[in-house]
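Everything below concerns the one structure shown next.
The values are calculated or read from the model by the stated rules, or taken from the named source; none is laboratory data. Here the structure is a predicted model, which means the values were calculated and not measured. Don't worry about glycine lacking a Cβ; one is built from the backbone with ideal geometry, like all the others, and counts go over all protein chains shown.
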């Protein structure tokens with residue numbers, strides 16, 4: 001390790017440079033922080049500070065530090081503090097001569113130096129900290145990184161104080177970095193590295209300049225990542241015992257407005273402070289939030305203890321990620337590396353969630369517990385410890401309900417083409433379900449036109465894949481809900497959604513749904529449509545007949561003739577089928593049929609060669625629809641979906657209705673009472 005503080009003389013002297021260099025050096029050699037070896041001060045040491053040090057002396061010190069790193073078989077940490085010239089499209093020169101007025105030949109070319117050291121055989125990575133003006137110009141060029149002596153097989157991290165065209169002020173990077181290393185970073189892992197989280201912390205502290213970072217990892221065999229220091233906050237969390245990362249961060253924020261709380265880092269210290277003299281007389285709202293936080297910690301501690309007792313021996317990172325995904329945790333929490341601990345996830349569920357009622361306050365915790373029970377526990381049997389926990393927490397009904405929702409938890413992506421009553425789709429509403437439990441939702445706007453609809457659908461598909469990938473799941477089932485006017489076009493399984501090239505129904509099992517149970521046609525109440533859907537499910541369950549009620553050509557001769565047929569049958573009494581499309585007014589008839597019953601079967605291409613064979617095939621496979629229709633489409637003769645194959649199921653298309661879709665629509669209708677975005681986070685109270 002080497003920290004170089006190169007001072008200039010006269011008017012160019014940098015106030016505070018020596019102090020910043022020594023403080024940064026102290027943090028880097030601290031055994032509990034940077035853990036670098038302290039070799040003292042001087043040209044052969046780990047700290048070199050002075051005025052007009054000279055290019056040759058600084059170069060020799062860097063060479064000696066690199067040689068020591070090779071002997072130690074470890075990485076080199078190199079920090080350069082002082083004036084920087086150049087940049088703005090050219091290389092950065094570290095002013096070692098004592099004056100910025102001296103030519104570049106008297107200064108150190110930083111990018112070349114870092115590139116040479118990083119390519120030195122035996123140096124296991126380089127972390128460079130450049131605290132100068134124009135510091136981003138210290139980035140090594142691609143040729144040095146990828147085609148140098150090591151041929152790209154190197155580790156390199158660069159932390160720079162400012163953009164290549166901007167100055168840096170008051171040694172801010174070194175001072176704030178040293179303070180971060182001393183105090184640690186909340187919500188970070190055991191080790192601190194040059195990454196997005198560290199840079200975000202630095203940018204929140206530094207004004208007037210824009211620090212940044214660069215990481216290059218070209219090693220063919222991935223070894224230990226380059227880390228800058230151990231995270232002091234992690235040590236505090238370990239000593240705190242009963243507090244995880246989320247709780248530590250929340251405690252720090254809650255105590256900030258209150259005097260005399262600087263030394264509180266653990267649950268025990270918090271309890272002592274709350275029980276101290278005079279606290280009961282404080283009416284400060286901040287104190288009330290601390291008291292509420294303390295009660296929430298009891299919930300966390302109890303839940304962690306029960307989960308460890310129940311599942312401790314079976315828990316793995318993969319299971320925790322899967323449970324977090326099923327419980328609706330944010331994606332950034334689910335994908336965090338290393339995987340959050342059980343305590344961290346429980347704290348997130350309790351402390352970082354929104355609440356509208358006391359009963360719903362810890363809904364995410366209940367969902368997380370249910371997900372673990374579903375993944376690990378025996379099917380249909382709730383472990384006794386969890387039953388007791390739920391009873392004491394007032395969560396028995398919520399837990400049982402969630403477990404029922406997760407039953408047969410095969411992931412399903414629901415894509416709703418929403419038209420808001422217009423003649424164009426304005427957005428795609430995506431919902432990711434496990435069983436019947438909706439765990440994640442998102443919206444993807446689209447402009448009028450089929451191209452933008454396909455693009456929005458593909459974005460929604462990729463969004464779902466990002467979630468399922470973190471949980472180790474595959475996407476198979478896709479439900480596409482469309483308004484009536486889209487049913488007049490090609491069926492959704494034929495839409496070329498995947499990268500705008502591949503048909504959706506080839507790679508996924510696509511079921512088409514009618515959106516009338518979400519957004520009914522004008523003049524039709526939503527409750528009427530939901531009741532019709534429920535009536536259809538009841539009819540299908542109780543009737544002995546197999547197959548739809550087929551409409552003849554006479555029934556479809558006019559809208560009036562069709563209305564006579566519909567008026568004789570109860571709403572939702574059957575599934576309607578058409579072997580041949582009507583010659584006119586199909587758009588009007590289609591909507592009338594769907595309002596009467598939301599499940600319909602009709603030809604994919606207008607007509608089929610043998611209508612009786614088709615009807616016989618539907619009757620034969622009635623109990624296994626729509627799955628058989630999906631298979632028929634995917635196994636159809638190439639480039640001709642069922643054409644010329646009499647009675648083949650690939651000749652027909654459907655809008656299908658079942659318990660799964662009825663449940664989804666009813667939940668959507670009920671959820672509109674309290675929308676998630678209207679909920680106020682507890683911490684904003």
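Summary table below
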{"read-out": "Unmet requirement for residue 74, which otherwise passes all of (1) under 19 Å from residue 125 (Cβ atoms); (2) outside any strand (DSSP E or B); (3) touching a helix residue (DSSP H, G or I) at 6+ places or on another chain (Cβ under 6 Å)", "value": "(3)"}
{"read-out": "Matching residues in segment 11-29 - criterion: being without any contact (Cβ under 8 Å) to a residue 40 or more places away in the chain and assigned to a loop (DSSP other than H, G, I, E, B)", "value": "13"}
{"read-out": "Pairs where the first residue, in segment 386-404, is touching a residue at least 40 places away in the same chain (Cβ under 8 Å) and the second is crowded, with 18+ Cβ neighbours inside 10 Å and assigned to a loop (DSSP other than H, G, I, E, B), C-beta under 9 Å, 6+ apart", "value": "389/395; 393/362"}
{"read-out": "Within segment 485-508, tally of residues that are surrounded by fewer than 20 Cβ atoms within 10 Å (Cβ to Cβ) and within 25 Å of residue 665 (Cα to Cα)", "value": "5"}
{"read-out": "Residue within segment 524-534 that is modelled with pLDDT of 90 or more, within 27 Å of the chain's Cα centre (by Cα) and surrounded by fewer than 19 Cβ atoms within 10 Å (Cβ to Cβ) present", "value": "no"}
{"read-out": "Test for residue 85: is it at pLDDT below 95, surrounded by fewer than 19 Cβ atoms within 10 Å (Cβ to Cβ) and in contact with a strand residue (DSSP E or B) (Cβ under 7 Å, 6 or more places away or on another chain)", "value": "no"}
{"read-out": "Pick from segment 417-438, criterion under 20 Å from residue 476 (Cβ atoms) and in contact with a helix residue (DSSP H, G or I) (Cβ under 6 Å, 6 or more places away or on another chain), ranking: surrounded by the fewest Cβ atoms within 10 Å (Cβ to Cβ)", "value": "436"}
{"read-out": "Listing of helices (runs of 4 or more DSSP H) fully contained in segment 103-214 that carry 2 or more residues being modelled with pLDDT of 90 or more, out of contact with any strand residue (DSSP E or B) (no Cβ under 6 Å at 6 or more places or on another chain) and closer than 19 Å to residue 81 by Cα", "value": "110-118, 172-183, 196-205"}
{"read-out": "All helices (runs of 4 or more DSSP H) inside segment 467-560 with 1 or more residues being closer than 20 Å to residue 582 by Cβ", "value": "484-487"}
{"read-out": "Count of segment 365-404 residues which are surrounded by 20 or more Cβ atoms within 10 Å (Cβ to Cβ) and under 30 Å from residue 509 (Cβ atoms)", "value": "9"}
{"read-out": "Any hit, segment 587-602, residues being over 24 Å from residue 571 (Cβ atoms), assigned by TED's automatic domain parsing to the domain that holds residue 658 and outside any helix (DSSP H, G or I)", "value": "no"}
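Results for (1) touching a helix residue (DSSP H, G or I) at 6+ places or on another chain (Cβ under 7 Å); (2) within 28 Å of residue 630 (Cα to Cα), shown as yes or no for each residue.
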{"position": "561", "(1), (2)": "no, no"}
{"position": "575", "(1), (2)": "no, yes"}
{"position": "579", "(1), (2)": "yes, yes"}
{"position": "583", "(1), (2)": "no, yes"}
{"position": "598", "(1), (2)": "yes, yes"}
{"position": "603", "(1), (2)": "yes, yes"}
